[in-house]
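Beneath this line is the structure, given in structure tokens, with notes to follow.
The values are calculated or read from the model by the stated rules, or taken from the named source; none is laboratory data. Values in this document were obtained by computation on a predicted structure and should not be read as measured data. Cβ coordinates were reconstructed from backbone atoms using ideal geometry, including for glycine residues, and neighbour counts include every protein chain displayed. SASA here: full protein model, heavy atoms, side chains in, ligands and nucleic acids out. Shrake-Rupley method; radii C 1.70, N 1.55, O 1.52, S 1.80 Å.
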Amino acid sequence: MKYRHIARAAGCALVFTAIAACAQEASTPAGVAAAGAEPASAAGPAPLPESSSALPLVVVHKTPTCGCCGLWVDHVREAGFPVEVHDMDDLGPVKQRLGIPYGKGSCHTAEVDGYAIEGHVPAQDIKRLLAERPDARGLVLPGMPMGSPGMEMPDGRSQPYTVELVRPDGSTEAFASH
């Protein structure tokens, strides 16, 4: 089972909800890149623009049928980020290239301005990361916490979760609690 690791971290009810959300067909907005499209620029990180209308491009790597990933993409777009989506069947090589620590994975991986963003990280945390510019690989939100962006429940239920900062050596530390 693709999401077996989530069961250990989040409990069965959440796993079935997460799998059901990911199994829903996600619509692909016009202008979204297909699998195999050229990756974002390899140039180093640039300073965060002061205007939110000039936020850097978020390149999202996800599977083609994941509904919760599509909802997270919508969340990031609504926060003002331009988004490019790469649908692919195997996210492992992307996670490995970006240095996502083992056990810290989720259902999609993004790149923004030289940083990796793993999972359902809130856009406000991405903006904070870009404003503070720490020496780090990026942010991770392991699993698929109920109530995180893209994992909202119809009845409003949520669980506490912590977004972690991934240091250059792969170690992690708390970045934001929600």
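Close amide H contacts of E118 (hydrogens built in the peptide plane, cut-off under 5 Å, sequence separation of 5 or more or a different chain): A110, L139, V140, L141. Rg and Dmax, both from the Cα atoms of region 114-178 and both in Å, are 12.0, 40.
Were the residues from Q96 through T65 laid out at 0.36 nm apart, the gain over their Cα-Cα distance would be 9.0 nm.
The residues of region 80-178 present an accessible area of 42 Å² per residue when probed at 1.4 Å with all protein chains retained.
Percent of Cα-Cα pairs more than 17 Å apart in region 62-155, please. Cα-Cα pairs of region 62-155 separated by over 17 Å account for 47 percent. Share of carbon and sulfur in the accessible area of region 90-174 stands at 49%, probe radius 1.4 Å. Label sites at S158 and A54, each approximated as a point 7 angstrom past Cα along Cα to Cβ, lie 3.1 nm apart.
Note on D135/R77: beta-carbon distance plugged into 1/(1 + (r/R0)^6) with R0 of 35 Å gives a FRET efficiency of 0.80.
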